[in-house]
Structure formats: structure tokens, C-alpha cells
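Asker: Input: one structure, supplied below.
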Amino acid sequence: MGRFFALLLLPILLFGGSMKPFKWNDGESFLTFLERKKLPLSVYYNLDKEDQKLTEDIPYSANCQMMLDEKKRIRQILIPVNDELQLQIYFTPKKRYEMKVVPIVSQQYTETLYVPIKTLPYDDILKTTGSKNLASEFVKMFKGKVDFRKGFKVGDPIILVYTQKYRLGKPFSMPEVHGAMVEINGKRVTVYRHSDGRFYDEKGGQYEKFLFKAPVQRPRITSRFTKSRYHPILHRYRAHLGVDFGARPGTPILATGDGRVVFAGFSRGYGKTIKIRHSNGLTSLYAHQKSFRSGIHNGSRVKQGEVIGYVGSSGLSSGPHLHFGMYAGSSAIDPMSVMKKKIEGFTGKERKAFLAIRDKMDKVFKKALKTKPVRKPYFDFKETYYVDSETFKPKPF
Ligand SMILES: [Zn+2]
């Protein structure tokens, strides 16, 4: 209520006129705009060539602002051309219109924000802050780390620490996110911006990225991938081009990743076998099955974690287990090498510097979880001022 009231009264109190925000009419030329506003074309022709070119760089749907005096005469128009500069058309004391390129007056705040998840983080952040840029940054930071489409509870918290510019009381330009935290069902995932400008997890990049999931629940490896192994049934050395998981007959077998079934049939060695091709070019293989899940056949699309069949000992098998293979093209690779991908982290001094940033940010997160800070409305009063064309300093209108 208070906020709404302030918005209505403020322009009138400041200069006895009114302030009208408007969006730049895409496709309209600058000269047409001047004609439509009944402004002299000289404001354009008096500019030098470089400044004239800027009028062609007014961004799509740019947020502009017009100030009218009490007699509804245009006193000033501000049109941004990028994050830094704007075109200022203004009425001079000599009662003429002139135009200059002036810096944008914006205010910058570093904020900590608590957003409870209601629908999806992107929508919730956008609704809370009005910033599409901030919402997209958040999604980018947590991509591959958290799947927000499943598993969150309404009210699970997001905490964002960021610096944002404001103009006309609205977020403006790209925010700089310093750190973010999300808690999904009690599991906390954090991301920090290091001094190199990049984002890292709490280990400073030393995280294990899981591309594929284990093909059985509570996996127990009984035999690893090797290029040379003694085979107890064939009594000779063979390669073991996969990983064996010990499991009781009938244990559900899960697709290791999203993909398409490219084989569901029988082979002498592997028995009842399913092959799934994944989008990254790898093919996974599930052998010695007792049976396939009904509905699974050549061409079926499967999701990661979906049941595709049941553990058995069909084919050349010494007992019930799942033989799990992974192929890049036609050559077998160690499935474990793609199930975990280790990423190198910081060392020495850089690690120390990162850990300091992390620990400081963790304190901010901890405090914000308790205090639940909300975004304060900011009013950029300076933008309702006249920007002095000589000094570029804002002056009261
Ligand atoms: Zn095997």
C-alpha cells in the first residue's frame, strides 16, 4: 500500500509535472519518433555523426521515460542506448529542445534475497525480483546440479547474493551473482563465484559429476572392467568388457540414462540383453536378464532410472548378476569412467582464496536462512531529476 502511494505522489511532489515511463516503439525510426512527439528534427541533425548513429542502437523495447511539466509540455525524454548511455532530449532555459548523450544514472545495491520455491525457481525469482536476467543466471548456475522438475517441497528455500543496478526503480542490466544456495528436501546445494568470475561448488570445482546412474539400486560391484580376465566357465582368459553387479534374480534393472532402446533380444554370450543409445553417442548394455519389462522393445524411449528388465543369469553366466557394458561407437569402455567424471579443482594459494570466499558466503547463507530477507523496493529518485548536459550531473528538475 505504502509503495503504491509513493509511486503516485512522488513525481508531482518533485517537479509539479509528471513522469511517464514508456517502451521504445520497435521499428520506428528516431526521426519518426520526434515527429510523433512534435519535437523539432533539429535535435537529431545537430548531433554529430557518431551520436546520430547511436539512435539506431536503441535496444528492443527499451524502457524510456518522459517528463512533462504541469502544462503537459515535454521537459525531458530519456532513451537508453545500452547499459551505460542514454539519449537525453531536454528543454533548455532558452526554451529550445536539445539532445545529448549522457551517462545513465543508476543505483547499485548488493542484496541477499530469500525466495521460497512455490512453482519453479525461474518463475519464483522472476516474480520476486522482476529480473529475467537474475532468474536465468540462477538456472544456469544450478544446471546439471539440481533437477528442479522433481522432488522439491513447496517452501524449499533459495538464497541469492547479488549486485544489481536499478534504474527507474527496476532492475537494470546484468546482475552479478556472488553466491547462491538451494535446499531441496533438506539437501543443500551451493554455488560460489570465484575471483576469476566463474562459479564453483563448495569443493572449488573438485566435484564428481555423475553423467549416468547405477543400473541397479544399492549397486554392489562383483567384477570390474578389464581387458584381461580369467573366465571361470570358459576356462580361459577373456576380456571383461563391462562391470558386473551382484543382485538377486528379479532385481529391477534401471536405465542408466535417457535414451532409446536399440536392441532388446537374445545373444549367446550375454543372454537376454538390452542396449540403449544415449544422446551423447554412448550405448549402454544390460546382459544376462531374466526378462524384460513388458512394453520394452526395440525403439522404446526410456528415461534415466526407468525399469527396463530384471536380473537373471541367461546366456553364459555363472550365476544371477547384471553385466553392465558401455560402448563408445563399437568399442567397449569402462562404464565407471563415464558414471563419474572428476573435475580438477584449485590448488595452493588459489584454493585458499576460494575457501575464504566460500566460508564468508556460507555465513551469509546461514544468516539468510534465519532472517529470510526480502527484496526492498528501490526508487531511483535521481532519474526524475534533470541531468545537466554540461556537467552530466543530475539536478532537480
Ligand atoms: Zn560381466
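The values are calculated or read from the model by the stated rules, or taken from the named source; none is laboratory data. As the structure is a prediction and not an experimental result, all values here were calculated from the model. Please note: Cβ atoms are built from the backbone with ideal geometry, for glycine as well, and neighbour counts cover all protein chains shown. Accessible surface is based on the protein model in full, side chains and every heavy atom, while ligands, DNA and RNA are left aside. Shrake-Rupley method; radii C 1.70, N 1.55, O 1.52, S 1.80 Å.
Asker: Here's a check for you: in the range 296-322, which residue that is in contact with a Leu (Cβ under 8 Å, 6 or more places away or on another chain) and modelled with pLDDT of 95 or more is farthest from the ligand (Cβ to nearest atom)?
Answerer: Checking each candidate, the answer is Glu306.
Asker: Check Lys290, Lys360, Lys382, Lys370 and return the single one that is at pLDDT below 95 and open to solvent by 80 Å² or more (accessible area, probe 1.4 Å).
Answerer: After applying the criteria, what remains is Lys382.
Asker: Hey, another quick one. Among the candidates Ile274, Ile357, Ile308, Ile333, single out the residue that is in contact with a Phe, Trp or Tyr (Cβ under 8 Å, 6 or more places away or on another chain) and farther than 22 Å from Phe212 by Cβ.
Answerer: The conditions single out Ile357.
Asker: Can you tell me how many residues within the range 90-133 are free of Cβ contacts under 8 Å to residues at least 40 places away in the same chain, under 30 Å from Asp147 (Cβ atoms) and open to solvent by 30 Å² or more (accessible area, probe 1.4 Å)?
Answerer: Residues in the range 90-133 being free of Cβ contacts under 8 Å to residues at least 40 places away in the same chain, under 30 Å from Asp147 (Cβ atoms) and open to solvent by 30 Å² or more (accessible area, probe 1.4 Å): 8 in total.
Asker: In the range 270-295, which residue that is away from the ligand (no atom under 14 Å from the Cβ) and small (Gly, Ala, Ser) is nearest to the chain's Cα centre (by Cα)?
Answerer: Among residues in the range 270-295 that are away from the ligand (no atom under 14 Å from the Cβ) and small (Gly, Ala, Ser), the one nearest to the chain's Cα centre (by Cα) is Ser279.
Asker: Can you list residue pairs whose Cβ atoms sit under 6 Å apart, with the first residue in the range 245-256 being hydroxyl-bearing (Ser, Thr, Tyr) and open to solvent by 30 Å² or more (accessible area, probe 1.4 Å) and the second being modelled with pLDDT of 95 or more and not in a loop (DSSP other than H, G, I, E, B)? Count only pairs 6 or more apart in sequence or on different chains.
Answerer: Once the first residue is hydroxyl-bearing (Ser, Thr, Tyr) and open to solvent by 30 Å² or more (accessible area, probe 1.4 Å) and sits in the range 245-256, its partners that are modelled with pLDDT of 95 or more and not in a loop (DSSP other than H, G, I, E, B) give Thr251/Val311.
Asker: Continuing with the same structure: Kindly check whether there is at least one residue in the range 303-325 that is within 13 Å of Gly242 (Cβ to Cβ), open to solvent by 40 Å² or more (accessible area, probe 1.4 Å) and in contact with a strand residue (DSSP E or B) (Cβ under 7 Å, 6 or more places away or on another chain).
Answerer: Checked against the condition, which is being within 13 Å of Gly242 (Cβ to Cβ), open to solvent by 40 Å² or more (accessible area, probe 1.4 Å) and in contact with a strand residue (DSSP E or B) (Cβ under 7 Å, 6 or more places away or on another chain), the range 303-325 yields no hits at all.
Asker: Could you list, in sequence order, the residues of the range 326-347 that are loosely packed, with under 15 Cβ neighbours inside 10 Å and part of a strand (DSSP E or B)?
Answerer: Ala328, Ser331, Lys341, Lys342
Asker: Report the residue count in the range 157-183 for those that are open to solvent by less than 30 Å² (accessible area, probe 1.4 Å) and within 15 Å of Phe138 (Cα to Cα).
Answerer: Summing the residues that are open to solvent by less than 30 Å² (accessible area, probe 1.4 Å) and within 15 Å of Phe138 (Cα to Cα) in the range 157-183 gives 14.
Asker: Could I ask something else about it? So if I check each of Ser284, Ser267, which one is small (Gly, Ala, Ser) and modelled with pLDDT under 95?
Answerer: Ser267
Asker: Of all residues in the range 60-71, how many are loosely packed, with under 15 Cβ neighbours inside 10 Å and touching a strand residue (DSSP E or B) at 6+ places or on another chain (Cβ under 7 Å)?
Answerer: 1
Asker: If a residue has to be free of Cβ contacts under 8 Å to residues at least 12 places away in the same chain and either open to solvent by less than 90 Å² (accessible area, probe 1.4 Å) or not aromatic (Phe, Trp, Tyr) (or both) to count, how many in the range 40-59 make the cut?
Answerer: First pass over the range 40-59, keeping only residues free of Cβ contacts under 8 Å to residues at least 12 places away in the same chain: 41, 45, 48-50, 52-53.
Next, from what is left, pick out any that are either open to solvent by less than 90 Å² (accessible area, probe 1.4 Å) or not aromatic (Phe, Trp, Tyr) (or both): 41, 48-50, 52-53.
Within the range 40-59, residues that are free of Cβ contacts under 8 Å to residues at least 12 places away in the same chain and either open to solvent by less than 90 Å² (accessible area, probe 1.4 Å) or not aromatic (Phe, Trp, Tyr) (or both) number 6.
Asker: Any residue at all in the range 10-19 that is at pLDDT below 50, in the same structural domain as Pro80 (by TED's automatic domain parsing) and surrounded by fewer than 14 Cβ atoms within 10 Å (Cβ to Cβ)?
Answerer: Yes, because at least one residue in the range 10-19 is at pLDDT below 50, in the same structural domain as Pro80 (by TED's automatic domain parsing) and surrounded by fewer than 14 Cβ atoms within 10 Å (Cβ to Cβ).
Asker: Quick one: count up the residues across the range 48-96 that are part of a loop (DSSP other than H, G, I, E, B) and within 28 Å of Met174 (Cβ to Cβ). Break it down into steps so the answer makes sense when it comes.
Answerer: As a first pass, look at the range 48-96 and keep what is part of a loop (DSSP other than H, G, I, E, B): 48, 58-62, 69-73, 81-84, 92-96.
After this cut, where a residue has to be within 28 Å of Met174 (Cβ to Cβ) as well, the list is 58-62, 81-84.
Counting residues in the range 48-96 that are part of a loop (DSSP other than H, G, I, E, B) and within 28 Å of Met174 (Cβ to Cβ) gives 9.
Asker: Could you list, in sequence order, all residues of the range 141-156 that are open to solvent by 100 Å² or more (accessible area, probe 1.4 Å) and under 14 Å from Val189 (Cα atoms)?
Answerer: Lys143
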